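Heads up, the thing below is written out as structure tokens.
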Amino acid sequence: MNVHVPSQISFRALEGFSRDCEAAEIAEAAVVLPLVFLFIFAILWFGLAFKTWGTVTSAAREGARYASRPTCATCTPASTLPSDSAVDSAVVAILQTSGVDPSKIITYPPPVGYYTPCLSPPAPPSACSGPTAHNLTICRFVMINFGNSPQQCGTLVSFQYPFGSGLPFPTYPNLSLQSVTISVVGSSQTQN
């Protein structure tokens, strides 16, 4: 009587091979999953930073547009421009509508040489005022297109906004993206 038992041997060999594959899969997952999560987190962080940048840039442009439009159509522009507090309220309203906290705004005067006074005689001398209640800097009657002709007189609204990831754990010091400061300068041509 010959008893042939190849099925038991092959089952044991298959079982050992299966255990080896499971261990390899676990090791691969341990290496790959952190990289995948890091990549997904980087995409989300960049998306939120880009949304915040777009919101604060739009708010600065709209603030400059509002600051450069007279409130009275038949009056002289210099006497009827909106007050700095009204411009501040307009910018804050845009930020709050988009879910951006206006209390985090940092004062940012436009860099030296970024603006020059207008050359047109009806415009009063340029003046940068600020910071306003929410740390905005408003420059009125300044050149907004350098080197181009015709030269245009306008208004600048500038500020900085910090964007942070809010990570509950520290990141590598030299590659830390926990806080980025977004500097914005919005401009608009003065309308008569």
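Worth pointing out:
- Filter result for residue 115 (touching a strand residue (DSSP E or B) at 6+ places or on another chain (Cβ under 6 Å), of a type in the set (Phe, Trp, Tyr) and modelled with pLDDT of 80 or more): no
- Residues of the range 44-57 satisfying the condition of being surrounded by fewer than 18 Cβ atoms within 10 Å (Cβ to Cβ) and either touching a strand residue (DSSP E or B) at 6+ places or on another chain (Cβ under 8 Å) or of a type in the set (A, V, I, L, M) (or both): 44, 48, 49, 53, 57
- In the range 118-142, residue surrounded by the fewest Cβ atoms within 10 Å (Cβ to Cβ) [restricted to those that are over 13 Å from residue 64 (Cα atoms), modelled with pLDDT of 80 or more and not polar (S, T, N, Q)]: 133
The values are calculated or read from the model by the stated rules, or taken from the named source; none is laboratory data. Because the structure is a prediction, the values reported are computed rather than measured. Glycine also receives a Cβ, built like all others from the backbone with ideal geometry; neighbour counts cover every protein chain displayed.
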